[in-house]
Amino acid sequence: EIFALLNIWISFGTMTNSSRYRIRNEEARVIFADEKLLGVMKAVFVLMSRNEQNFVTITENPFAVDLEQKVAAFLDTLEYYDYDEPIEFTAAFLRLKRNVND
């Protein structure tokens, strides 16, 4: 009877620990994706030959993705502070996107 209760206690502890382990792993994956993945992708992209880089679409180009995120944050900040839309900036950014692999 004592061993049965002890077994339940140990099983509960094991389940709790494995659950915590799974949660920590998921959190680590999310942190890596949010903070480090883009840097790793940029490093790999730089190591690619020019010809290989030309086959990467703009949506997969890590430098273009990073720039797109920064431009979106900049435009959100302008909107927050009630500034006018920067027409010249937007046009220049669109031209840059068209020629991203040049």
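The values are calculated or read from the model by the stated rules, or taken from the named source; none is laboratory data. All values reported here derive from a predicted model rather than from experimental measurement. Accessible surface is based on the protein model in full, side chains and every heavy atom, while ligands, DNA and RNA are left aside. Shrake-Rupley method; radii C 1.70, N 1.55, O 1.52, S 1.80 Å.
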Next item on the list: Scan (1) open to solvent by less than 100 Å² (accessible area, probe 1.4 Å); (2) modelled with pLDDT of 95 or more for the single condition N99 breaks and write down its number.
Entry: (2)
Margin query: Kindly evaluate E60 against the criterion of being open to solvent by 90 Å² or more (accessible area, probe 1.4 Å) and under 22 Å from the mean Cα position of the chain (by Cα).
Written below: yes
